[in-house]
Amino acid sequence: MARFRLAMMDLILVCGNWSKLFDFETETSNSIYSDMAFIVTAACVDCKYTSCAPVCPVEAFHEAPDRLYINPDTCIDCNACVSECPVNAIYAEREVPENLQEWIKLNSDEAAKHPIITGVHEPLKGPKCVDPNAG
C-alpha cells in the first residue's frame with residue numbers, strides 16, 4: 001500500500017496536480033479531476049509562439065490565424081505548457097488576471113472552431129505582438 005501511495009504521489013507531482021488532490025487552493029473539489037483548464041490570453045495575439053503545443057499530452061491547443069486557444073474540454077490541467085510560452089500568455093483558469101477574464105470564455109467558445117496544433121511553427125510576430133524578440 002505504501003508503494004502505491006508513493007507511486008501516485010510521483011505521478012501527481014509530475015503532472016502538476018498535487019494541489020488539486022489535496023485541495024490546498026480551492027474549496028470546491030477534492031478531486032484531481034476538475035473542469036478547470038489553462039487559458040491562452042491576449043499576450044498570444046499576433047505573436048503566436050507555438051512551443052506550448054507539442055508539450056501538451058492531450059492535443060488541447062487549437063490554432064487561429066493570429067493566436068492559439070486551449071480547449072477546456074480537452075485540457076487536463078497538467079501545467080506542461082505554461083513554462084513553454086515565451087510571452088507568458090498562459091494562465092491556470094483560477095489565476096487569470098481580472099483584466100483578462102474574457103479570455104476564459106474566448107478559449108471555451110473559439111477553440112473547437114479551429115484546427116488542433118501539435119507541432120511547432122514559425123511565430124507570427126505581427127504588429128500587435130507583445131514581445132517579438134521572445135523565444
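For a footprinting-style exposure proxy, rank 67, 94 by other Cβ within 10 Å, fewest first.
Going from least to most buried by this count: 94, 67.
How big is the Cα convex hull of the stretch 31-135 in projection, averaged over all directions, in nm²?
6.1 nm²
Quick query: amide H of residue 50 versus all other amide H atoms, modeled in the peptide plane; which residues come in under 5 Å with a sequence gap of 5 or more or a different chain?
When sequence neighbours closer than 5 places are left aside, the close amide H contacts are 121.
For the pair residue 55/residue 109, report the inter-label distance in nm, with labels modelled 7 Å from Cα in the Cβ direction.
3.0 nm
When the chain is fully extended, how far beyond the present Cα-Cα distance does residue 131 get from residue 66, taking 0.36 nm per residue of separation?
22.0 nm
Just to confirm my numbers, what's the Cα centroid distance between the stretch 106-131 and the stretch 44-69 in Å?
5 Å
In Å³ and rounded to a whole number, note down the convex hull volume per residue for the Cα atoms of the stretch 90-135.
That works out to 129 Å³ per residue.
7 Å from Cα along Cα→Cβ at both residue 116 and residue 73: what's the point-to-point distance in nm?
Taking the simple label geometry, residue 116 and residue 73 are separated by 1.3 nm.
Values quoted throughout were computed directly from the atomic coordinates according to the rules given, and no laboratory measurement underlies them. Predicted model only: the values in this text are computed from it and were never measured. Here the Cβ is made from the backbone with ideal geometry for all residues, glycine too, and neighbour counts use every protein chain on show.
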